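FYI, it's all coordinate maths here, none of it is from the lab. None of the values given here were measured: they were computed from a predicted structure. Positions of Cβ are backbone-derived with ideal geometry, glycine not excepted, and every protein chain shown enters the neighbour counts.
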Amino acid sequence: MCKSLREIPRSIGDLQNLQRLDLRFSAIEKLPSAIGGLKNLQILNLAGCSSLKGAIPSEIGDLPSLKTIYLNLIPISDLPESVRNLSSLQTLDLRACKELRSLPELPSGLTCLSVTCQSLGLPQLLRLIHLEKLNLEVRHLLEDICELSSITSKLCFEKRDKLTSLSLSGRMHLEELSIKNCSSIERLELSQLIHLKRLRIEHCDSLVEIEGRDNLESLEVIFLYECKCLKKFTAYGCVNLVEIQGLDGAKFLEKLVLSGCKSMETLPDLRGLEKLRYLSLYDCKKLTQLQGLEMLNLISLFISGCDSLEAIPKLSGVHVYINHKLV
């Protein structure tokens, strides 16, 4: 990194064979228009160039070989319209660009987009038919997101202060979904996401309900951290789910329903779930034990088809239904 570098000479455009230009965390204040002469440039890294306050030159659209652009952590407010001409562009990183107000039309071949945007000025995402990874930090809900059937890898929501509910369905071929610091979200509904493998939810202080319905058959791991208001958690047909991390920290959880989670062998220790009143376990065939059950103030316990479950303690004042012999 050249932290003292303040200026790029115009002659840089003569470097016809240059493939990578890494100026990250330098002190440059302006990118010369001569950059348009770098016809073989594949990677442009301007991350952390905090002095780069001028506009990105429109000549950036003249780079036919450019595949990756890193513009994260720089104080730009917009991008030139010519960006749409970058036919080879696959990755565009605009994270933590806090001055960014809008984006132009983006090339349809883009596969990875990371962006912080304070307004509704995002382009029509439906045009990005090859998009695989989308990392968003925006204030307003984008209806287009739920229509993006092309996303096959990761979708991340961060700092979505206005988002109160989120419903995603099988039109999206997601493998990983991450929801972080969405302080207003109250309800999350997942349905028919048959490719989803990992679900991570962090610091969603208002989240009350998580409902996983219908054919979440690839889901393997759920991470829950600092979801202090979570009251209801249901998961149906998660045949590959083996772990729910952080469930023991859901201190206000009142209802837990797991149905068809045939690969799950154990749950976190339940003794800390002081508010849990309803526990329903159906067809969790590998589940062997329930730790801390005797410490709960349950009203109802339903167990069916959990063939490997060991004996449970006697529970007074609880409506218990168990339709098979315990091991």
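What to note about this one:
- For segment 219-315: rounded, prolate or oblate by the Cα gyration tensor [a/c cutoff 1.5]: oblate
- Segment E189-C156, extension gain: residue separation times 0.36 nm, minus the distance between their alpha carbons: 10.3 nm
- Listed residues N40, N17, N85, most fluctuating in the chain (Gaussian network, C-alpha, under 10 Å): N17
- Between E211 and E29, the contour length at 0.36 nm per residue exceeds the alpha carbon distance by 60.6 nm.
- Per-residue Cβ neighbour rank within 10 angstrom, fewest leading, H319, H195: H319, H195
- Residue among E186, E209, E59 with the largest mean-square fluctuation in a Gaussian network model of the chain, springs linking Cα atoms under 10 Å: E59
- Sorting 101-109, 225-233 by their mean Cβ neighbour count within 10 Å, with the most densely packed peptide first, gives 225-233, 101-109.
- Cross-link pairs exceeding 32 Å in C-alpha to C-alpha distance, out of K98/K232; K154/K231; K98/K255; K197/K232; K67/K228; K67/K262, comprise K98/K232; K98/K255; K67/K228; K67/K262.
- Classification of the chain by its C-alpha gyration tensor yields a prolate form. The axis ratio a/c (a ≥ b ≥ c) is 1.5 or more, and a/b outweighs b/c.
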